[in-house]
Amino acid sequence: MDQANILIIGGGVVGCAIARAVSARWEDVFLVERNPKLGMATSSRNSGVIHSGIYYPKNSLKARHCVEGNRLTYEFCGKHSVPFRHTGKLVVAANTHEEEELAALKKKGEDNGVEGLRLIDAAEIRKREPHIQGTAAIEVPSTGIVSAEELVHALARVAAGQGAEIVTRARVVSLEPVAGAIRVGLRIGDEDDVQDETIEARCVVNAAGLYADEVANLLGPRSWTIYPVRGEYCELRGAKSEMIHNLVYPMPNHDGLTLGLHLTKTLWGTVLVGPTARYVEDKNDYERDREPVEGFAKNAKIMLPEIEVTDLVAAYSGIRAKLTPPNEHGIADFIITRDPEISNVIQLIGIDSPGLTSAPAIAEQVLGFAEEILN
Ligand SMILES: Cc1cc2nc3c(=O)[nH]c(=O)nc-3n(C[C@H](O)[C@H](O)[C@H](O)COP(=O)(O)OP(=O)(O)OC[C@H]3O[C@@H](n4cnc5c(N)ncnc54)[C@H](O)[C@@H]3O)c2cc1C
């Protein structure tokens, strides 16, 4: 049986950021991922936006980790050649009624420590984005975009370079507390060639994304439930994609489920339109009953009147790990905590947006917990 100081469950951006942080400090770090490759789940099915941190309640983990993660993500990408673009973004009020909320959003951002926010008028919107219609906007200079897939792989590369052992096609099926450690049961391999293995770890980190509630329950019933909320995208390609220069967002939805159907100029020059938000039953249901392209065009027309159904093609979708049940409103915070009963397990539950941006800051918090456990 292998012995580990730390075993991380889940090879998404969060698990890989944690592997990078803890392998700089300890030997015998393992990361196990059930898919054949890292980052195949939510971490490569998102908008790829390096968020600023304007939307989240003051002092929440989302606000703090997003603002810090924004800075750390740019730093990491610059140092490790991960493709990114520091674009800035506009959050646009569609009409004068939304302007009061726009000012409140700017204040919230400033309270969270987001720098450089500026209110601009319709004429300035037109100078930056000539095809966008709106009466006023917040200019958010710290927002950008990143290749999420390459970010995951760069984090994993650094972790592996520091000695972390990364095992894919390795699914955690049991967690059993034993004296001073957790015995982690793994099913390794493909369907026709599966082996059962065990690793004993002094500290276990649950970074299993959408499945973090189920992984937590391997220790015995826990009170957390993740509700999968699908977000779908369309893509604007060809000449019409030239209508948008950077990132343009509407005012966020009041239900707290999404930041609103936005326009994201991608690193490869197309424009993503989305994501939508809809609760689904199955954590793997990426495609069933997709929103028709007409729905995207109708919604996007409020900001971009020249968009037509024929300009859009259906693109990928992703699934958010939400802690808010259907019919409840509001932004639930990330849960990052030592398990209430088995204190050498660190639980990360409900890491929905802005989890991509926040990953390096989340990793710093986990490093602090690991120090308490291992020292
Ligand atoms: C539509 C959409 C748009 C978004 N846009 C943005 C954005 O623009 N900016 C931003 O900051 N955030 C965004 N997010 C949020 C961001 O994508 C997530 O917060 C982030 O990717 C979560 O990373 P993760 O590592 O926690 O989860 P995941 O990427 O889901 O990784 C968890 C991993 O755990 C593995 N796993 C699960 N169970 C087990 C097991 N039993 N054994 C072994 N492995 C297991 C899974 O296979 C998976 O690879 C968006 C999310 C969605 C859905």
(message) Report the Cα centroid-to-centroid distance between the range 243-264 and the range 328-375 in angstrom, as an integer.
(response) 27 Å
(message) Just want the ordering: S52, S317, from fewest to most Cβ atoms lying within 10 Å of their own Cβ.
(response) S317, S52
(request) Please list the equivalent ellipsoid semi-axes of the range 8-116, computed as the square roots of five times the alpha-carbon gyration tensor eigenvalues, in descending order and whole angstrom. (result) 32, 15, 14
(message) What are the extents of the Cα atoms of the chain along their three principal axes, in Å, largest first?
(response) 66, 43, 41
(message) Exceeding 31 Å between C-alpha atoms, which entries from my cross-link table qualify? They are K106/K127; K37/K79; K37/K322; K79/K298; K107/K240; K79/K240.
(response) K79/K298; K107/K240; K79/K240
(request) Can you tell me the order of 187-199, 158-170 when each peptide is scored by its average per-residue count of other Cβ atoms within 10 angstrom, highest first? (result) 158-170, 187-199
(message) Only four residue types carry charge here, +1 at the Cβ of Lys and Arg and -1 at the Cβ of Asp and Glu. Report the dipole size of the range 133-210 about the Cα centre in Debye, rounded to the nearest 20.
(response) 340 debye
(request) For a footprinting-style exposure proxy, rank M303, M243, M1 by other Cβ within 10 Å, fewest first. (result) M1, M243, M303
(request) Would you order S223, S343, S353 from fewest to most other beta-carbon atoms within 10 Å of each residue's own beta-carbon? (result) S223, S343, S353
(request) Taking the Cα centre of the chain as origin, sum charge times position over the Cβ atoms of Lys and Arg (+1) and Asp and Glu (-1), and report the length of that vector in debye to the nearest 20. (result) 840 debye
(message) On C-alpha positions alone, give me the angle between the axis of helix 148-161 and the longest principal axis of the chain, in degrees, nearest 10.
(response) 30 degrees
(request) Enter the angle in degrees (range 0 to 90, nearest 10) between the Cα long axis of helix 13-23 and the first principal axis of the Cα atoms of the chain, meaning the one along which they spread out most. (result) 50 degrees
(request) Calculate how large, on average over all directions, the projected area of the Cα convex hull of the range 237-284 is; give the answer in nm² to one decimal. (result) 4.6 nm²
(request) Only Lys, Arg, Asp and Glu count, each charged at its Cβ (+1, +1, -1, -1), so figure out the dipole size of the range 1-154 about its Cα centre, rounded to 20 debye. (result) 120 debye
(message) Report the gain in length on full extension from T225 to A103: 0.36 nm times residue separation, minus Cα-Cα distance, nm rounded to one decimal.
(response) 40.5 nm
(request) Choose one answer from V92, V14, V184: the residue with the largest mean-square fluctuation in a GNM of the chain with alpha-carbon springs under 10 Å. (result) V184
(request) Tell me what the chain gives for mean residue ellipticity at 222 nm when only DSSP H runs of n ≥ 4 count, each as -39,500 (n - 2.57), the sum divided by the residue total, rounded to 500 deg cm²/dmol. (result) -8000 deg cm²/dmol
(message) Net charge around R237, counting only other residues with Cβ within less than 14 Å of its Cβ (Lys, Arg = +1; Asp, Glu = -1)?
(response) -2
(request) On a 0 to 90° scale, report how tilted helix 61-79 is relative to the longest principal axis of the chain, with both axes built from alpha carbons and the result rounded to the nearest 10. (result) 90 degrees
(message) Given R₀ = 45 Å, what would the calculated FRET efficiency be for E371 paired with D255, taking r from the Cβ atoms and rounding to 0.05?
(response) 0.75
(request) First measure r as the distance between the Cβ atoms of E176 and R25, then evaluate 1/(1 + (r/R0)^6) with R0 = 22 Å and state the FRET efficiency to the nearest 0.05. (result) 0.30
(message) I need the calculated FRET efficiency for the pair R288 and R71, taking r as the beta carbon distance and R₀ as 51 Å, to the nearest 0.05.
(response) 0.85
(message) Using 0.36 nm times the number of residues separating N95 and A239, minus their current alpha carbon distance, what extension gain do you get?
(response) 49.1 nm
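Read the figures in this text as sums done on the coordinates, not as results from a lab. Since we're looking at a predicted model, the values are computed, not measured. In this analysis, Cβ positions are derived from the backbone assuming ideal geometry, glycine residues included, and neighbour counts consider all displayed protein chains.
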